[in-house]
Amino acid sequence: MRITVIGCGYLGAVHAACMAELGHDVIGIDIDDAKIAGLAAARPPFYEPGLPELLERALAGGRLRFSTDMADAAGSAVHFIAVGTPQRARENAADLRFVDAAIESLIPWLRDGDLIAGKSTVPVGTARRLAERVGLSETGATLAWNPEFLREGLAIEDTLHPDRLVFGLPDGDHERELDLLEQVYAGALDDGTPLVVTDYETAELVKVSANAFLATKISFINAMAEVCEVVGADVTQLADAIGYDARIGRRFLNAGLGFGGGCLPKDIRAFMARAGELGADQALTFLREVDRINMRRRERAVDLARETLGGSLLGRRIAVLGLAFKPDSDDVRDSPALNVAAQLSLQGAAVICHDPRAVPNARRRFPELTYTESLDEALADVDAVMVLTEWQEYRDLDPALTAAQVATSNIVDGRNCLDPEVWRAAGWRYRALGRRRAEALATALA
């Protein structure tokens with residue numbers, strides 16, 4: 001099938017490459033000349049494991065090409081809309097200018113029978129509004145909504161082998177739209193991927209509801225971490241215990257610095273804003289506390305660093321390990337780790353920042369911070385180490401060897417990804433969000 005993917009950012013570039021991998025003939029379109037040039041050379045403008053190799057294979061096989069000209073969309077049977085929906089400046093609501101612009105630019109090139117398939121995360125009601133606009137164009141094209149569920153660092157796997165597919169289809173007879181989407185995803189459907197065929201509004205709500213639930217689960221365990229610190233309990237053991245309950249599950253019950261990135265924070269804020277516009281804001285008031293708990297974790301991490309260093313950050317050298325919002329990504333949008341690094345610096349600490357992938361992006365956001373590509377250089381003669389993104393190379397640090405590099409053996413585990421007993425046995429003063437202090441533990445065991 002000939003497919004167009006409009007918008008070649010994170011979502012669109014991955015989707016285009018994966019559709020080509022599945023055997024479709026794909027054209028990726030974006031207005032950014034530099035981005036298109038990089039993708040055409042198999043150099044994506046972001047880090048995603050396996051994507052350069054996937055692009056190389058698809059480009060070499062002739063199944064994928066990129067363009068800045070919307071006229072190249074002509075002749076495709078399905079046109080995916082994968083443009084960004086960022087948070088509006090000084091508001092919580094989503095900015096839909098790019099979605100609207102993509103539709104308007106595409107309309108002149110549509111033909112009877114074409115299907116537009118929205119993948120962007122949009123406020124409920126957007127698909128129906130866009131469907132009316134497409135209908136008024138009298139092109140004979142129709143619109144469906146096919147939300148994405150990608151996890152950064154696992155986006156290729158999530159596209160090629162999704163855990164579910166959701167098709168939001170027009171009211172009435174939609175056999176043609178269903179048939180086209182089933183052809184697109186034939187491989188996944190043949191493998192038994194669950195399919196939910198529904199209306200526009202439900203399809204739009206699936207993505208934001210999933211994100212809101214995950215955010216709530218993360219903030220719940222972080223709220224419990226606050227309680228654990230007060231009473232001297234251990235949030236990791238607490239999470240293990242309640243995670244055995246099949247109704248709850250252990251996934252996303254990892255207490256720490258909280259969530260970030262370009263999706264979860266802005267999506268739950270846009271969800272709240274849209275609910276307010278629809279008069280249903282009372283139903284989502286709990287999400288305000290979810291957001292507040294999440295932001296409070298960053299403040300608590302800075303407080304923990306200060307406590308570890310005897311009450312003052314002024315002039316103290318701190319190694320910040322991790323800047324991306326999660327491992328296997330270079331994304332620093334709304335990154336808790338980068339936010340903490342900036343706060344430490346503002347409060348007088350000399351911060352040395354390291355990340356395996358995110359240093360260039362972080363430097364563009366906060367050029368005033370000190371960065372290094374060398375982990376050894378980051379650790380040299382510091383008064384404290386803060387692990388703020390759980391990259392494997394930080395998990396694999398040898399406590400004894402690391403102790404020989406630093407000035408003082410203080411470590412703050414912002415992701416609860418290290419073994420406290422191993423680090424304490426090597427002479428480190430170990431602190432973590434929601435975990436007992438060593439002196440409290442000793443008292444409890446006495």
Problem - The listed residue being touching a Gly at 6+ places or on another chain (Cβ under 9 Å) and more than 17 Å from L11 (Cα to Cα), out of L130, L106, L64, L59 - result: L130
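Listed here are the residues, each with its yes/no results for (1) surrounded by fewer than 20 Cβ atoms within 10 Å (Cβ to Cβ); (2) touching a Gly at 6+ places or on another chain (Cβ under 8 Å); (3) small (G, A, S); (4) modelled with pLDDT under 95.
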{"position": "A241", "(1), (2), (3), (4)": "yes, no, yes, no"}
{"position": "R250", "(1), (2), (3), (4)": "yes, yes, no, no"}
{"position": "G256", "(1), (2), (3), (4)": "no, yes, yes, no"}
{"position": "R269", "(1), (2), (3), (4)": "yes, no, no, no"}
{"position": "R292", "(1), (2), (3), (4)": "yes, no, no, no"}
{"position": "E299", "(1), (2), (3), (4)": "yes, no, no, no"}
Practice task
Considering every residue within the range 323-335, establish whether at least one is in contact (Cβ under 8 Å) with a residue 60 or more places away in the chain, over 23 Å from F149 (Cα atoms) and in the same structural domain as Y430 (by TED's automatic domain parsing).
Solution key: yes
Practice task
With the checklist (1) of a type outside the set (V, I, T); (2) more than 24 Å from the chain's Cα centre (by Cα); (3) not assigned by TED's automatic domain parsing to the domain that holds I242 in hand, flag the one item D158 doesn't pass.
Solution key: (2)
Exercise for the section: Please enumerate the residues belonging to the range 351-396 that are farther than 16 Å from I411 by Cβ and either of a type in the set (K, R) or outside the structural domain of S409 (by TED's automatic domain parsing) (or both). Expected result: R357, R363, R364, R365
Fill in the blank from the handout: For R316, the lone unmet condition from (1) under 23 Å from the mean Cα position of the chain (by Cα); (2) closer than 26 Å to D381 by Cα is (1)
Fill in the blank from the handout: Of the residues in the range 56-76, those that are among the small types (G, A, S) and either over 16 Å from R43 (Cβ atoms) or touching a residue at least 40 places away in the same chain (Cβ under 8 Å) (or both) come to A58, G61, G62, S67, A71, A73, A74, G75, S76
Practice task
Just name the residue that is nearest to S105 (Cα to Cα) out of those in the range 133-169 that are aromatic (F, W, Y) and either assigned to a strand (DSSP E or B) or in contact with a Cys (Cβ under 9 Å, 6 or more places away or on another chain) (or both).
Solution key: W145
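The values are calculated or read from the model by the stated rules, or taken from the named source; none is laboratory data. Since this is a predicted model, take the numbers as computed values, not measurements. For neighbour counting, all protein chains shown are included, and Cβ atoms are generated from backbone atoms with ideal geometry for every residue, glycine included.
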